[in-house]
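**Q** One structure coming up, written as structure tokens, with questions to follow.
The values are calculated or read from the model by the stated rules, or taken from the named source; none is laboratory data. As the structure is a prediction and not an experimental result, all values here were calculated from the model. Positions of Cβ are backbone-derived with ideal geometry, glycine not excepted, and every protein chain shown enters the neighbour counts.
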Amino acid sequence: MEKKINVGLIGLGTVGSGVFKTLKDFEFIEVKKAAVRDITKKRNIEGLDASILTDNPYEIVNSPDIDIVAELIGGVEPAFDLIAAALKNGKHVVTANKELLAKRGYELFKIAGECNKVILYEAAIAGGIPLIMPLKTILAGNKIDRIDAIVNGTTNYILTRMDVEGASYQDVLKDAQKLGYAEANPESDVEGFDAAYKIATLATITFKKRIKIEKIYREGITKIRTKDMKVANDLGYKIKLIASGKIYENGRADVRVHPMLVPKKSTLAHIDYVTNAVSLTGHPVGSITLSGPGAGEFPTASSVVGDILAISAELGTSDYILPMMRCHHGTDADMVDISETQNKYYLSINANNNIGVIGKIGTICAENNISLASIVQKCVSDDNTADITVITEIANEKAMQNAVKLLEKSGYKVNSLIRVQV
Ligand code: NAP
Ligand code: HSE
């Protein structure tokens, strides 16, 4: 008979519930204890025996009966302390906590190494998409130098519904919260923090250099207007929140999160609603895209349960931790600052409909060494102003920001500045 594996769940919210329900199908796994904040809360979880609930998660990490701890509460503390204690007490850990990994993963993996234990975190990046294990196993022979990804389900869901239905940002955000996609504090999603946490860890594994979260340039989706989406559509683009990473020949890394106009012919333009996708480009594989549900109860549970099963299969077989379960951070990456980057830009400018307004935009851009790919003014409003749409050729970020300042000084209103994917 197979040995029973005892699991302790810390957190029984969206993800924890899905994990509990999924683990019921595995007879050799028993959820011994589950920690929650409020043990009196009504939970719609079939088969949950209230006697396994505790509001003290240290009962789980200190219990000699538990083999694997799944941390599913989120946030930095007490999650860091709980995981560190679990590792020191001889338990393997599974987590879905991207914020913790991005901010303090380095310390936790060090503790795990010292304790000869593992931390697996497939669910932390792009929910249900198998990504970390493929990178550490079947893709290990590649030198991947570019990542283009949609890794936040909430923002992709919001942007898609704004685009398809012209829905309001606030209404759609409420729906994303009801569906269990959003973080406890949805600012983390809409301001791009969540995507930045994910790309920090993903780029660290992919480029084998530590990408520090504080060095990642980040912009969210709160300034995106339905007006921009319509114009982008007419020009052959979709607007998406893109997490990207590039590592150059000289070893410098450019890792960032911001909205982008993505050409409709690109794969990422067709990734809609809660679906996430990660495109990886390298040698010898070429370019591949992994896609699937990026958030929600069961897709995320799929990844957490996969990690629990992977550890279960190894438990008791030997003291040697499989290399694919380890985490090597290597050295710190030398990060490129956003001001040094080269991008193509979309600008939406509002101006008084005077003689020479378009010419002046061209002059300011030219003075900053910015070449224009297109400039369009469709009509004039009743107030005698006009919206002018500009797409530039590839230009320097610092020069572009300078041109925006000069345009505003000259009386133009730059309503949107969004980078364009090339
Ligand atoms: P959630 O629905 O808010 O659930 C959090 C759970 O943790 C609740 O059961 C809560 O207890 C419990 N909890 C919070 N603080 C606690 C504490 N100090 N001690 C004991 N229990 C505590 O969150 P979630 O959406 O499941 O997310 C959990 C983690 O998974 C986060 O790191 C999140 O970023 C990550 N994640 C989420 C998704 C997703 O689609 N939601 C996808 C991938 C990764 P009560 O039930 O009593 O309030
Ligand atoms: N809030 C996250 C998202 C959950 O919307 O992608 C999955 O990590």
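**Q** Looking only at region 54-68, decide whether some residue is within 10 Å of ligand 1 (Cβ to nearest atom), touching a residue at least 12 places away in the same chain (Cβ under 8 Å) and surrounded by 24 or more Cβ atoms within 10 Å (Cβ to Cβ).
**A** Checking region 54-68: at least one residue is within 10 Å of ligand 1 (Cβ to nearest atom), touching a residue at least 12 places away in the same chain (Cβ under 8 Å) and surrounded by 24 or more Cβ atoms within 10 Å (Cβ to Cβ).
**Q** Restricting attention to region 248-295, which residues are more than 16 Å from ligand 1 (Cβ to nearest atom) and over 30 Å from Ser416 (Cβ atoms)?
**A** Matches in region 248-295: Glu249, Asn250, Gly251, Gly282, His283, Pro284, Val285, Gly286, Ile288.
**Q** Look through Gly47, Gly11, Gly74 and report the one residue that is out of contact with any Phe, Trp or Tyr (no Cβ under 7 Å at 6 or more places or on another chain), surrounded by fewer than 16 Cβ atoms within 10 Å (Cβ to Cβ) and not charged (D, E, K, R).
**A** None of the others qualify; the one that does is Gly47.
**Q** Of the residues in region 182-232, how many are within 15 Å of ligand 1 (Cβ to nearest atom) and not in a loop (DSSP other than H, G, I, E, B)?
**A** Looking only at that region, the number is 15.
**Q** When you look at Ile247, is it within 30 Å of Lys178 (Cα to Cα) and in contact (Cβ under 8 Å) with a residue 40 or more places away in the chain, yes or no?
**A** So Ile247 does not fit the description; no.
**Q** Yes or no: region 27-44 includes at least one residue that is away from ligand 2 (no atom under 16 Å from the Cβ), touching a residue at least 40 places away in the same chain (Cβ under 8 Å) and either outside any helix (DSSP H, G or I) or within 19 Å of Val304 (Cβ to Cβ) (or both).
**A** yes
**Q** Continuing with this model, one more query. Please name all residue pairs, on different chains or six or more residues apart, with Cβ atoms under 7 Å, provided the first residue is in region 164-175 and is assigned by TED's automatic domain parsing to the domain that holds Ile224 and the second residue is of a type in the set (Lys, Arg).
**A** From residues that are assigned by TED's automatic domain parsing to the domain that holds Ile224, the pairs are Ala167/Arg161; Val172/Arg161.
**Q** Another one. Going by the conditions given, is Gly330 of a type in the set (Gly, Ala, Ser), in contact (Cβ under 8 Å) with a residue 40 or more places away in the chain and over 18 Å from Leu235 (Cα atoms)?
**A** Yes, satisfied.
**Q** Among the residues of region 131-163, what is the count of those that are in contact with an Asp or Glu (Cβ under 7 Å, 6 or more places away or on another chain) and of a type in the set (Gly, Ala, Ser)?
**A** Summing the residues that are in contact with an Asp or Glu (Cβ under 7 Å, 6 or more places away or on another chain) and of a type in the set (Gly, Ala, Ser) in region 131-163 gives 0.
**Q** Answer yes or no as to whether Ile144 is of a type in the set (A, V, I, L, M, F, W, C), buried (at least 23 other Cβ atoms within 10 Å of the Cβ) and touching a helix residue (DSSP H, G or I) at 6+ places or on another chain (Cβ under 9 Å).
**A** Spelling it out, it is not the case that Ile144 is of a type in the set (A, V, I, L, M, F, W, C), buried (at least 23 other Cβ atoms within 10 Å of the Cβ) and touching a helix residue (DSSP H, G or I) at 6+ places or on another chain (Cβ under 9 Å).
**Q** Sticking with this one: What number of residues in region 250-279 are touching a residue at least 60 places away in the same chain (Cβ under 8 Å), farther than 17 Å from Gly127 by Cβ and more than 14 Å from the chain's Cα centre (by Cα)?
**A** Residues flagged as touching a residue at least 60 places away in the same chain (Cβ under 8 Å), farther than 17 Å from Gly127 by Cβ and more than 14 Å from the chain's Cα centre (by Cα) within region 250-279 amount to 9.
**Q** Now, a different point. Among the residues of region 72-87, write down those that are part of a loop (DSSP other than H, G, I, E, B) and either within 16 Å of ligand 2 (Cβ to nearest atom) or under 17 Å from Tyr106 (Cβ atoms) (or both).
**A** Result: Leu72, Ile73, Gly74, Gly75, Val76, Glu77.
**Q** While we're looking at this one, here's another question. Please enumerate the residues belonging to region 159-176 that are loosely packed, with under 13 Cβ neighbours inside 10 Å and in a loop (DSSP other than H, G, I, E, B).
**A** Gly166
**Q** Please enumerate the residues belonging to region 261-282 that are in a strand (DSSP E or B) and under 21 Å from Thr201 (Cα atoms).
**A** Within region 261-282, Thr275, Asn276, Ala277, Val278, Ser279, Leu280, Thr281, Gly282 qualify.
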